[in-house]
Structure formats: structure tokens, C-alpha cells
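What follows is one structure encoded as C-alpha cells, with my remarks underneath.
The values are calculated or read from the model by the stated rules, or taken from the named source; none is laboratory data. All figures in this text were calculated on a predicted structure; none of them were measured in a lab. Here the Cβ is made from the backbone with ideal geometry for all residues, glycine too, and neighbour counts use every protein chain on show. Each accessible area value is taken on the protein alone, full model and side chains, heavy atoms only, with ligands, DNA and RNA left out. Shrake-Rupley method; radii C 1.70, N 1.55, O 1.52, S 1.80 Å.
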Amino acid sequence: MKKVLALLVALMMVGVMGTATAADKLVVGTNAEFAPFEYIGDDGKIAGFDIELIDAIMKLVGVEYEVISIEFDALLPALASGQINLSISGMTINEERAQNVLFSEPYFNASQKLMVVEGSAITCAADLKEGMKIGVQMGTTGDLYATDNLPAEVLRYNKILDAILDMKNGRLDAVMTDAAPSDYYAKAAGGLTVLPEELSEEKYGIAVKLDNTELIEKINAALAQLVEDGTYETIHAKYFTPAEE
Ligand code: ARG
């Protein structure tokens, strides 16, 4: 009888611990369509600068986590509904978003850039006239910028790569996205030029649910430590040449 009881207790403990770990596992949301920050690697796994950074952060915070990739414009609603606990996705900190989520300290400087096909007559944003078409990723700051500032028609894509392919096929005059992904995809796709003009000044932040001050404080402390101990620089050097930031 004692043995049976002991076995039962042991089984219950395994059960309890099993649930505890499952519940402790945080879900990190990203949109793996934004190389070199987040993309699907050759092995089918989500990889990139943000992914390595969040791994280092989570190790310091001391929690288990998994990364899932969803549409970029679904990240903020997913945070609000609790489907994900935090998001790292090359996401620019802006006032509108900061009303709905809590951002970490900035971890990367960025700007919007225009990409055109090689030999295009468009050499700066002012060359984009009414009747022309510009591709952006839906819900991004590139979308906002183009919509608010450019006379060209804005076409919104789920994936920036699809916009780039449409431009290569002659369906768009330009594509707007952040500087580092512009360089990355222009090189990968070939036959494209990234225009030098920097159209905005942006900073990326990690986001959590609006009331989760406890988690954002831990993330900020970890981020500061990683900058201090050189880990941030090591990860940065893997993905960017020093001139890029
Ligand atoms: N920085 C831009 C923004 O916040 C683009 C981010 C896109 N990120 C991504 N993983 N697709 O809107």
C-alpha cells in the first residue's frame, strides 16, 4: 500500500511539475520575414539577430521560451490577447503602438529606405509621383510613412519579399522597408538598388503586454547587461558590418 501511495505521489509530482514548466514557458512572437533580424533559416528554424538577442536575454531572465512566427500586423493583437508574452520583431517604438504595448529600452537604430530596380529613374523619394506604385509590408512603419508622405499608390503585402518580387516583375516602382532588410533582400534578389536617402529615424524595442512591467524590467536589465559584457556586440558583429549601425 505504501509503495502504491509513494508511486501515486511521485506521479502527481511529475504531473504538477509538468504543468508548471509548460505554464512557465513564455511565447515569443516574431514575424520571420525580416532578414537579418528574423527569417527562416536553411534548417527551417527561425533565426536572426533578434532571435539570438532574445535567446541571450531569456537566459539571463532565466525562463524557458519558444518563438513563433505570425503576421507582423498580428503581433500587437496577439500581445493584447495573451497569445504571445513578448514580441521581438524589428519593431519600431512609436507613440501609437506604445499606447497598446509596453516597449523595452531601444536596442537598434533604423530608418526607412527605398529600393528600386537597377537603372530606375527614381533616385529619391521626391521622384515618386502620383500614378506610381510603392510596395510595403502591411502595418509597418514603412506602410505608415509611404501612406502619409508619398503621392504614389501604396500596395500592402504580408511579406516584403513578395513586394520585391512584384517590383522585379515590373508591377511596382519602388519598395519601402527598413535599411538593413533592404540591403539584405536587395543583395539576395539581385538587380536592385537601395537608395541612400534615410527617410526616418527609428528605434526598435521588444514589446510586452501593457501591464507587464515586471517582465519589461527584467528584459531591460538583461539588455543592459548584454551591452555591458559585450554579448550584444558579438551578436551584432555576426549580422552587421560596423557601418550599418
Ligand atoms: N520597423 C518596422 C516597423 O516596426 C518594420 C518591422 C517589420 N518586422 C518584421 N519582422 N516583419 O513597422
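Of note:
- Karplus-derived HN-Hα couplings along the range 83-92 (A = 6.51, B = -1.76, C = 1.60, θ = phi - 60°), whole Hz, x at Gly and Pro: 5, 10, 8, 8, 9, 10, 7, x, 8, 6
- Cross-link partners for Lys133 among the aspartates and glutamates, with Cα-Cα distance under 12 Å and sequence neighbours closer than 8 places in the same chain left out: Glu153, Asp166, Asp173.
- Long-range amide H partners of Ser200 with built H, under 5 Å: Gln112
- Accessible surface for the range 120-245, divided over its residues, is 52 Å² per residue with a 1.4 Å probe.
- The range 130-178: C-alpha gyration tensor shape, a/c 1.5 cut-off, then a/b vs b/c: oblate
- Along the axis of the charge dipole computed for the range 144-228 (Cβ charges of +1 for Lys and Arg, -1 for Asp and Glu, origin at the Cα centre), the listed residues Ile160, Ser200, Ala179 are led at the positive end by Ile160.
- Shape of the range 118-203, Cα gyration tensor, a/c cut at 1.5: rounded
- The chain: mean projected area of Cα convex hull, nm²: 16.3
- Solvent-accessible area per residue, Å², over the range 21-118 with all protein chains present [probe radius 1.4 Å]: 42
- For Thr177, residues with placed amide H under 5 Å, excluding near neighbours: Lys113, Met115
- The DSSP beta bridges internal to the chain are antiparallel in roughly 60% of cases.
- With a cut-off of 11 Å between beta carbons, the residues surrounding Val227 carry a summed charge of -4, where Lys and Arg count +1 and Asp and Glu -1.
- Under 13 Å, Cβ to Cβ, from Asn158 - net charge with Lys/Arg +1 and Asp/Glu -1: -4
- Formal net charge of residues neighbouring Val116 (Cβ-Cβ distance under 15 Å; K, R +1; D, E -1): 0
- Approximate spin-label separation Ala221-Lys129, in nm, with each point projected 7 Å along Cα-to-Cβ: 5.9
- Residue-wise HN-Hα coupling along the range 191-206, computed from phi with Karplus coefficients 6.51, -1.76, 1.60 (Hz; x: Gly, Pro): x, 10, 10, 9, 6, x, 4, 9, 8, 7, 10, 10, 9, 8, x, 7
- Solvent-accessible area, 1.4 Å probe, carbon plus sulfur percent, for the chain: 55
- Lysine pairs meeting the criterion (Cα under 26 Å, 8 or more apart or interchain), as found in the range 160-245: 7
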